[in-house]
1. Could you compute the FRET efficiency for residue A:30 and residue A:461, with r as their C-beta to C-beta distance and R0 at 35 Å, rounded to 0.05?
2. Give me the distance between the Cα centres of the range A:465-479 and the range A:225-293, rounded to whole Å.
3. Students often check this: by mean Cβ neighbours within 10 Å, which of A:239-249, A:117-127 ranks highest, and how do the rest follow?
4. Would you kindly derive the ³J(HN,Hα) couplings of the range A:348-357 from the backbone phi angles with the Karplus curve 6.51 cos²θ - 1.76 cosθ + 1.60 (θ = phi - 60°), listing them in order in whole Hz, with x for Gly and Pro?
5. Can you tell me the dipole magnitude for the range C:60-188 around its Cα centre, using point charges on the Cβ only (Lys, Arg +1; Asp, Glu -1), in Debye to the nearest 20?
6. Calculate, axis by axis, the spread of Cα positions in the range C:1-236 along the three principal axes, and write the results as whole Å, longest axis first.
7. Please report the projected area of the range C:239-481's Cα convex hull averaged over all directions, in nm².
8. Can you give the local net charge around residue C:348? Use residues other than it whose beta-carbon is closer than 15 angstrom to its beta-carbon, Lys and Arg +1, Asp and Glu -1.
Amino acid sequence: MASDATHAAMSLHDHLPLLQVVVPMLAAPVCGIIGSRRLSWPLAFAASLTASIISVFLLLDTLDGSIISYHIGGWAPPLGIEYRIDAANAFVLFLVSIISSVVLLYARTYVGEVISASKHVLFYACYLLCLSGLLGVAATGDAFNTFVFLEISSLSTYVLIALGAERDKRALTSAFDYLVMGTIGATFFVIGIGFLYMATGTLNMVDISERIADMPDNRTVRAAFAFIVVGMGLKVAIYPLHLWLPGAYTHAPSVVTAFLAATSTKVAVYVLLRFMFSVFQPGFVFETYTLEFIILPFAILAMFAASIVAAFQTNLKRLLAYSSIAQIGYMLLGISMISKTGLTATVIHLFNHGITKGTLFMAVGAYVLQTGNSFFDRLEGLGKSMPWTSAAFVVGGLSLIGVPGTAGFISKWVLVQAALEKGWWVVALLIVASSLLAVIYVWKAVEVLYMRELPEGSTHVEAPLSLLVPMWMLAIASIYFGIDTSLTLSAAQTAAENLFLGL
Amino acid sequence: MANKKKENPESFPWLGRKLLWVDKPGSPLKLVWILAIVCILLGLADFTYNKYGHFSFENVPAFYGIFGFIAFSCVIFGAKALRFLIKRPENFYSPNVVDAEEYPPEELEKVSHDDA
Amino acid sequence: MMMPDQFPPAFVFFVGAIALLLAPQGHARSALTLIIPIIAASILWNMEPGIYDRVEFLGITLELTRVDKLSTVFGLIFCLAAFLGNLFAWHVKDTIQQVAALLYAGSAIGAVFAGDLVTLFIYWEGTAIASVFLIWARRTEGAYHTGLRYLIIQIGSGVILLAGIVLLYRETGSLAFEKMTLGTLATWLIFLAFGIKCAFPLLHNWLQDSYPAATVTGTVILSAFTTKLAVYALARGFPGTELLIYIGAVMTVFPVFFAEIENDLRRVLAYSLNNQLGFMVVGVGIGTEMSLNGTASHAFAHILYKALLFMSVGAVLFRTGTSKASELGGLYRTMPLTTVFCLVGAASISAFPLFSGFVTKSLVLDATAENHYLIVWFMLVFASAGVLSHSGIKIPFFTFFAHDSGKRPKEAPTHMLLAMGATAFLCIFIGVFPEPLYSILPYDVEYHPYTTSHVVGQLQLLLFALLAFCFLMRTGIHPPEIRAINLDSDWIYRRLLPSWISAISVAINAIWSKNLGFWTRKVDALIVRLHKSHGPEGRIAQVWPTGSMVLWIAVLLGATLLVNFV
């Protein structure tokens, strides 16, 4: 531990872990204080772009498996708060900040059209807060700090979802539902952390991990684990705890949905990983049991039940929301395997699914903007009048199914490999079978877009370039990362190795 | 047929005109007789050379001919029986099949001979 | 990824498909669809035997191009079929059909040259996905549903194949596509996947269901690739598997009866295709050099004459709007050239001496006899007479002769005549000069089809059968052509199972709604109690999820704690 590493000559580069979080966090109040509708977007975008650049640096620094430990204000842990960056959270930081920047590109036009001018400043301030919250959750090495950032991101998320109310009043009830449930989840989480503090007397993750290593039989520790898993499970939207997700995703403005779907559940999955593998050890018998008897069955249940529900939806946005729940099943499945390959699959799917869902929700946003809503009967024949949007949707859809040559294929491939490595070939077959369900629901959308005739007198035109460009950036990314896997796979592997060693 | 409007066979293509012979009264019967004679000759041909089949019964004169006649009849009778069992109206599976649909005309070039 | 040391012929088609999109619509595109197979064939012709294009992908080595005599002969006929089919489709302006035809042919050729099972699987699914567009291109509701059924079965075959591959990899650690022996679950799954695509009895319905539903030109293309790819896969993976002999024999016999009473001539041809596949499967099952040669050569000849028959019926459909025997008849008057080409195709499939079927089918028949499969041999000879009944007589007779339907369509357009003429020429050429075909077969086997006993025997079989036809026709025993469809085993999944499922689902629904009602009331009551302090309830629908979610959290927490503490 480099706690005595010189405080003297720290360059800007050494402060990157802090800047990663602080830049968007400071930009948010600045945005609010200036209060200028014109300036808020450039400010938000600049902050997000800075965060992206920082995340690239951090990722490059950690790809070799090294760990950056940053002590805020020079206070060494356990007293001070520590930011710990390794390949796993650098990868998540990278995903979150990149997606955020691309979504902001998209937001400029979208927000202008959908949200009334008086609320633009509010939107961008909340967006920045949410971003900084998510980045903070990923960057911090302090258990209580995780909770704080989680609440920052959650509270701003509730506001962002509620902003959908201008077009769709149900956004209010959805946001309220999410607020109630999210708060319960966060409460459970903080109770869990409280138990841990009770048992160990520290909040630093590394310290906790060291101190509980020799008390696996401690009932407080076990209860802490249960509370943390269930509390975070709600944020992750583990299958029976997913009820907040469809409503929130469906009724929020599409730009918010694109951002949340690509990042927020992913960050929650990361927290789960961090607690399961770095704080608690997979060697603990109770953890193995939980993974095997709770997480695994519910993951498989999610893969099927949510996919089937998705296949019956008549609203494209809701369909994609349920598909997200199913995809989270794959990530949890990877975790429950407790193997290096399984973790690699989870981490890489986290990234690949993030860019895939980003593409899809952006495409849906464009449909909503041009036609008013995302019910299938409004989308008939749009493949002809909105060819670029629809083509991006198809690319995203293929990646969602896991067609070779797309990012989605890589993650499923690694996941199947992990299952086979464990000898769980039934699970491997289930993964393939559930992909068939994805074929069904993606096909349903494609059929509506391409096979139906455009209604008489329809005047829908292609979405403006400012929406198409970010959409296609992610669409191309989901093809690129399906072909060149050197970055994603190596990052995921390093992350998995670090996690598996319990670092 | 119903639309017996006056038709000019001279307008048919050359080969088509020549083939009209088969529809002349008596022609089909002639063809059958010719076929029958050829068959008899083929049957007799079996006596003129040494057969070497893989199975002994192949050496029975006109074995293949008899087998062919019987096999063909079996096919026809079998098929008739089968039709009795499995025949259904054309729209049985409608609308999920093409059987009861018209072929979309825009894909075709339905040109009649006279129009050309 | 490294540079390919041999440009894979399949990629010619894929690059060509992209080029096609960029080319201006019209003759330039049509010409491009003809040039692509020629380029591919010339590359293919010049490839030396060996394994090329090894690509590392996710830790496994793919062998994109494995060249030997077996794959070359299938590759060549696929290129030829693509060329002839595209010539026949010169008039088509539909980009979807043109691209689909190229991708389909490319996938089939790629699959034939696949050196490992993963590559095979990828192309296997490729053929399924590309080909379905030839059915959907008809753009009717019936075609849409038929296409979906076709796609589900084809993709299903691919999924079964993948499962088999995965299991095999676990057992043997090898992904090479080599000869396998039935026995383990893995090999059975792969066998089943091949069998579905090869239209084994009871797995055959997709073929008769879908081919008549494709477009005029689509059916010609469809008829060439999918099933012959499956025959190739069987010849590569399961030569000498005795089970195949019996499967093949049944396959030759049962479609004969169905074909005889079918009204849609394209479906008649689909049944007849099924019957011809049987001969090839028997050849694979026997597994001697001679019989495998028979399979390869019969596939080669079969693709040509079957395409020719589909072309001639397609030309009639193109001009009259129907391919139903009951609506046709007497067309020889104004379509004499099509008539002649159809007769050539009919003679070839019936294996008249001097036509292609004769010189290829006899290899399989002789191999059966040489290995003393007496009953199988009888079935094959019986089926040979049966082929005459539907493909040899029914197709040309009821379309172009028989009673005059009064239809006087114009002769087929020039490019169709050219395509049919070229195919007919090849059918006769192979029949008269079989040596060039024999020389590209997988094994060097000396074989002489034109022996006196062989020629006389075959002529007896066919002409006596013809005599029987005349006799039955004149006595009125021969079944007339009527507008109707016939059930096949697909009735099970199209009628029986759906009716059961709907009955079961009605029952389940009833139970479920009762149950749900009970539990919903319970949960509602619980929530009302829990949330009394939360002020006036909104609409119950909005509170319900929140409340039930809380319940779920409690349940899950309880379960987790239980697991942790036990």
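1. Details: r = 37 Å, r/R0 = 1.06.
The pair residue A:30/residue A:461 has a calculated efficiency of 0.40.
2. The range A:465-479 and the range A:225-293 have Cα centres separated by 27 Å.
3. Values: A:239-249: 25.2, A:117-127: 20.0.
Ranking the peptides A:239-249, A:117-127 by packing returns A:239-249, A:117-127.
4. Each residue of the range A:348-357 in turn: 6, 5, 3, 6, 4, 5, x, 5, 5, 5 Hz.
5. Numbers: 8 positive and 8 negative charges, 59 e Å.
Rounded to the nearest 20 debye, it is 280 debye.
6. So the extents along the principal axes, rounded to whole Å, are 52, 42, 29.
7. Its average projected convex-hull area is 12.2 nm².
8. Working: positive: C:306, C:361; negative: none.
Spelling it out: positives minus negatives among the neighbours equals +2.
Laboratory data are not the source of any read-out in this text; all were calculated from the coordinates shown. Treat the numbers as computed from the prediction; the structure is a model and nothing was measured. As a convention, Cβ positions derive from the backbone with ideal geometry for all residues, glycine included, and neighbour counts pool all protein chains shown.
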